[in-house]
Amino acid sequence: MRKKLLSLALAVVMCLSLAPVALAAEGVAGFNDVPQGVWYWDDLEYALYNGYISGTSSDTFSPNAPFSRGMCVTILGRMVGAATTGGSSRFEDVSPESWYGPYVAWAADKGYVNGVSKTEFKPDQTITFQEMAVILDNYIKKSGVSLSGYTPSEEYTDAATVSTWAKSSVEAVRGYGLLPTVDGAVRPRASVSRAEATVALVRLAKAAGLGHAPVEQPKPPNYRGDSQVRA
């Protein structure tokens, strides 16, 4: 029972962390769980400034916490200024009243997302890198957005492990350099963390000309912008 209550509490926190909020004066530096100069620092600053995502509390971001399918669609919708009507989607497990409901309905209507079946979307399930690649690829192709200023990723060292249904999408987003990698590996079936998803979505936003560069925030002592461990 206690585990269920803790899981429910975490889910509520994650949902609330998607609510648009103004960037605090200290920006990313205000989060005590984000190391100084960490590889996702600048992209997180961009996401916070533009209201794509917020912290899980006033002083935490929970960068390693899982990122769900519902969160991915919601942030994508906020990034592009989706016109959500609050209508129902075809998925039986997506309530129109839920925080992600209007965005799932919008994305499904546009053809950006598919369910795990004809009737289920699994909005609370942690998204994998290859699932996120499919959503981003669908958005790029079906919206007709023009991307520029991106840096393609090198060939993935683990490309052979990508599922057949995701291969073309994973390769497409590799060309745009959207997915963060570790030592050249994209880890297609691995779960995406909040930090990793933020980087991927902000890379797309910047390449598509969405959002605005943050007002320069004071950097913490010993900040190193080149201290990235991922590409």
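Quick note: the coordinates plus some simple rules give every number you see, no bench work behind them. Everything numeric in this text was worked out from a predicted model, so none of it was measured. Because the Cβ atoms are built from the backbone with ideal geometry, glycine has one as well, and the counts that use them run over all protein chains shown.
Overview of values
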| quantity | calculated |
| --- | --- |
| For the stretch 38-81 and the stretch 138-180, distance of Cα centres in Å | 20 Å |
| Largest to smallest principal axis extent of the C-alpha atoms in the stretch 48-165, angstrom | 42, 40, 28 |
| Other-chain or far-sequence residues with amide H under 5 Å of Ala185's (modelled H) | Thr157 |
| Note, ³J(HN,Hα) from phi for the stretch 95-105, Karplus 6.51, -1.76, 1.60, rounded to Hz, x at Gly and Pro | 7, x, 7, 6, 5, 9, x, x, 6, 5, 4 |
| Label point distance in nm, Trp99-Ala213, each placed 7 Å from Cα along Cα→Cβ | 3.1 nm |
| Contour excess over end-to-end distance, with Cα ends at Ser191 and Asn114 and 0.36 nm allotted per residue | 25.9 nm |
